[in-house]
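Participant: My questions will all concern the structure given below.
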Amino acid sequence: MRHRVRQAGYRIICVPGVWHYHPMPSTLKALLRMAWRNGAASAYARRHFPETVLYNPEGHVGEFKAQVPLAYRVLRHAAGLARDVVTGRWYGLLYRTIYGIAALFPRR
């Protein structure tokens, strides 16, 4: 939806003092289950509906390409894995690993 809003000439803004977030799963098992689901769903969408797969940059950026090649997504994922190892973000490393495995070997 964000992509269509921008294509229509509108802008997405951040409002100061407003918080919006998705709560993290309460257990490690739930987090890894979510990683598997998201990785498998990403692979399914990429295979069956590639036009709907949009690049989702980390952080707040003003300009970005909405659709990028698969190689770019793979390299970005690998860079994230390396960053998680270097910075000791072990939950992030586990999440990205499970996500990647599910994207490579989905059961659908």
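Read-outs: derived from the displayed coordinates by stated rules, not from any lab. Note that the structure is a prediction, hence the values are computed from the model and not measured. Glycine gets a Cβ as well: all are built from the backbone with ideal geometry, and neighbour counts include every protein chain shown.
Participant: Read through the list (1) touching a residue at least 12 places away in the same chain (Cβ under 8 Å); (2) closer than 19 Å to GLY100 by Cβ; (3) of a type outside the set (Gly, Ala, Ser), then give the number of the only condition that PRO57 fails.
Facilitator: (1)
Participant: If you don't mind, there's one more thing I want to ask. For segment 42-54: of the residues being closer than 20 Å to ILE98 by Cα and touching a residue at least 12 places away in the same chain (Cβ under 8 Å), which is surrounded by the most Cβ atoms within 10 Å (Cβ to Cβ)?
Facilitator: Taking the candidates together, the pick is ALA43.
Participant: Continuing with the same structure: VAL74 passes all but one of (1) under 14 Å from the mean Cα position of the chain (by Cα); (2) farther than 17 Å from ASN56 by Cα; which number fails?
Facilitator: All conditions are met except number (2).
Participant: Name the residues in segment 26-41 that are exposed (fewer than 14 other Cβ atoms within 10 Å of the Cβ) and small (Gly, Ala, Ser), would you?
Facilitator: SER26, ALA30, listed by residue number.
Participant: Quick one: which helices (runs of 4 or more DSSP H) lie wholly within segment 1-94 and hold at least 2 residues that are closer than 27 Å to ARG107 by Cα and of a type in the set (Lys, Arg)?
Facilitator: 28-48, 70-87
Participant: Criterion first (small (Gly, Ala, Ser) and in contact with a Leu (Cβ under 9 Å, 6 or more places away or on another chain)) does ALA103 satisfy it?
Facilitator: When the stated conditions are applied, ALA103 does not pass them.
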